[in-house]
C-alpha cells in the first residue's frame, strides 16, 4: 500500500513540473530583436583653446602648480597629446590645463614645452602646499654642539713715556765775539809744537 502511494506521488510531481515548464515558456514569449544600428561614440577631441605637446619631447611633466620646485608632479602628457587649456600665469610661462583625476580637475604645464592654440585668460596660481611637518630643533641635542668660549682678558694699554725733544739755545752775540775760536787754538798749539821740535833738533846737533 505504501509503495503504491509513493508511486502516485512521484507521478503527480512529474506531471506538475511539465505543466509549470510549459506555462513559463508561454509567458516569456519570443525574444525581442536587438537594434543593429550604429551607436554614436563620444570623441575625446577638446573644444576651445588647447595645448599640444610638441614632438621634441616624448613626454612632459604635469604639475599641481606653476613651479618646478614648489609643486609636485601629478602626471605626464605624451608627444602630440591635445588637452583643453584653461588659463595662463601673468608672465605666460605656465599654462593651466584640464586634467581629470587630480584635485580640482586642473593642472599646469610649462608653456615652452607645448603649443597653444586659442586665447586663454590670465588666472591666479594655486597656493603653494605647506609642509606637513614643521622642522623643530631639539634643544638638548643642540646644546651638545654649542661650544662656550671662556672670556679672555684684553691686554692693557700702557702709554709710552713723553718724548723729550732737546732744545738748543743760541749764545748771545756778545759772548761769541769775546770767545776764542777753537780753530785758532788748535793752530796755535801746532805752531808751539813745531817750535819745540826745532829747538830739540838744534840742541841735538
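The values are calculated or read from the model by the stated rules, or taken from the named source; none is laboratory data. Because the structure is a prediction, the values reported are computed rather than measured. Using ideal geometry, Cβ is built from the backbone for each residue, glycine included, and neighbour counts are taken over all protein chains shown.
Being over 22 Å from residue 56 (Cβ atoms) and in contact (Cβ under 8 Å) with a residue 40 or more places away in the chain is the filter; apply it to the range 71-100 and report the residue that is surrounded by the most Cβ atoms within 10 Å (Cβ to Cβ).
Looking at residues that are over 22 Å from residue 56 (Cβ atoms) and in contact (Cβ under 8 Å) with a residue 40 or more places away in the chain, I get 71.
Given (1) at pLDDT 90 or above; (2) under 29 Å from the mean Cα position of the chain (by Cα); (3) more than 22 Å from residue 128 (Cβ to Cβ), identify the lone condition not met by residue 80.
For residue 80, the failing item is (2).
So, residue 185, is that one modelled with pLDDT of 75 or more, assigned to a helix (DSSP H, G or I) and over 30 Å from residue 95 (Cα atoms) or not?
Criteria met by residue 185.
Do we find a residue being modelled with pLDDT under 80, part of a helix (DSSP H, G or I), surrounded by fewer than 10 Cβ atoms within 10 Å (Cβ to Cβ) and at negative phi anywhere in the range 101-120? Give the derivation first.
Keep residues of the range 101-120 that are modelled with pLDDT under 80, which gives none.
For the range 101-120, residues modelled with pLDDT under 80, part of a helix (DSSP H, G or I), surrounded by fewer than 10 Cβ atoms within 10 Å (Cβ to Cβ) and at negative phi: absent.
(1) free of Cβ contacts under 8 Å to residues at least 24 places away in the same chain; (2) within 21 Å of the chain's Cα centre (by Cα): which one isn't true of residue 139, the others all being true?
Looking at each condition in turn, residue 139 falls short on (2).
Specify which of the listed residues (128, 167, 158, 152) is in contact (Cβ under 8 Å) with a residue 40 or more places away in the chain and either farther than 29 Å from residue 55 by Cβ or out of contact with any strand residue (DSSP E or B) (no Cβ under 7 Å at 6 or more places or on another chain) (or both).
Answer to the check: 128.
Within the range 57-67, count every residue that is touching a residue at least 24 places away in the same chain (Cβ under 8 Å) and either out of contact with any helix residue (DSSP H, G or I) (no Cβ under 9 Å at 6 or more places or on another chain) or assigned to a loop (DSSP other than H, G, I, E, B) (or both).
7
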